[in-house]
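The values are calculated or read from the model by the stated rules, or taken from the named source; none is laboratory data. As the structure is a prediction and not an experimental result, all values here were calculated from the model. Cβ coordinates were reconstructed from backbone atoms using ideal geometry, including for glycine residues, and neighbour counts include every protein chain displayed. To get the accessible areas, we keep the full protein, side chains included, count just its heavy atoms, and leave off ligands, DNA and RNA. Shrake-Rupley method; radii C 1.70, N 1.55, O 1.52, S 1.80 Å.
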Amino acid sequence: METCLICGELQDFKHYEGYNICTTCVDIMEDVMGEYLLRAIWKSEPKAHSAYLNYLNNTTRYISDYKKISQKSNKHTKDVIARVSDVLVNGNDHPSKRRYFEHMQKVLEWLEETPHFYHYYFKDYYVCPTCNASIFEKYTRRDVGDWMVVSCSECDTVIKKYFSPKSV
C-alpha cells in the first residue's frame, strides 16, 4: 500500500488521480478548497466596467478562468496557514480540534509547495458541465443542512458540494 504525499500515513483510497493522498488529508483539502472556490468566484469587479470585463472574459474565457483560479491561490494558502497557526498557538485545547488543525497545517504546507494542485483540483469547475456557463459569472451558493452547495445560476446544475467547511 502506498503512503500519503502529505502526511505519510497509509493511503486508504485513491481520491485524486496521480496524487497519493489519504482520506483524512482529502477531507481537510475539501474544507480548504471550498473556502477558496467561494473566494475565487466572488464577483468583485467594478460595476462601471462590467460590460467591458464581460466582453474580455467571454473572448478569453479559458485563459481568463484558469488565471482567476490561480491568481490568489498563494495568498489564500498563506492566509489560512496564518489562521491555523494562530489557533494552534492561542486557541482550542480540545484534542480532536487540535489534531484537525495540526493535520490542516500539513495539508496547507503541501499546497504551498504544490500550487499547481489548485489547477488540477478545479479543472472540472471552470464551467458548468451542463450549459458551459462560466462559474465566475453564473453561480449561486446556498447552505443545505450541513452542506454548502455551489450551483450554476443559469441551469441549476450542482457544480460542487462541500460538507460544512470548518471555520478557521
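When you scan the stretch 49-70, do you find a residue that is part of a helix (DSSP H, G or I) and modelled with pLDDT of 80 or more, even just one?
Taking every residue of the stretch 49-70 in turn, none turns out to be part of a helix (DSSP H, G or I) and modelled with pLDDT of 80 or more.
Can you name the residue in the stretch 4-19 that is in contact with a strand residue (DSSP E or B) (Cβ under 7 Å, 6 or more places away or on another chain) and closer than 17 Å to E109 by Cα and is also least open to solvent (accessible area, probe 1.4 Å) among such residues?
Within the stretch 4-19, the first condition is being in contact with a strand residue (DSSP E or B) (Cβ under 7 Å, 6 or more places away or on another chain), and the residues that meet it are 5, 9-11.
Now narrow it down to the ones that are closer than 17 Å to E109 by Cα: 5, 9.
Values: L5: 91, E9: 113 Å².
Filtering the stretch 4-19 for residues that are in contact with a strand residue (DSSP E or B) (Cβ under 7 Å, 6 or more places away or on another chain) and closer than 17 Å to E109 by Cα, the one least open to solvent (accessible area, probe 1.4 Å) comes out as L5.
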> Which of the residues spanning the stretch 114-168 are among the aromatic types (F, W, Y) and either closer than 15 Å to R39 by Cα or open to solvent by less than 50 Å² (accessible area, probe 1.4 Å) (or both)?
Replying inline: F117, Y118, Y121, F122, Y125, Y126, F136, Y139, Y162
>> Here are the criteria: (1) open to solvent by 40 Å² or more (accessible area, probe 1.4 Å); (2) assigned to a helix (DSSP H, G or I); (3) at pLDDT below 75; (4) among the hydroxyl-bearing types (S, T, Y). Tell me which single one S44 does not satisfy.
In response: (2)
> Within the group D156, D124, D93, which residue is at pLDDT 85 or above and either assigned to a loop (DSSP other than H, G, I, E, B) or in contact with a Leu (Cβ under 6 Å, 6 or more places away or on another chain) (or both)?
Replying inline: D156
> Checking S73 against (1) among the small types (G, A, S); (2) at pLDDT 75 or above; (3) open to solvent by less than 20 Å² (accessible area, probe 1.4 Å), which single condition isn't satisfied?
Replying inline: (2)
> Can we say P115 is touching a helix residue (DSSP H, G or I) at 6+ places or on another chain (Cβ under 7 Å), within 25 Å of G18 (Cα to Cα) and in a loop (DSSP other than H, G, I, E, B)?
Replying inline: yes
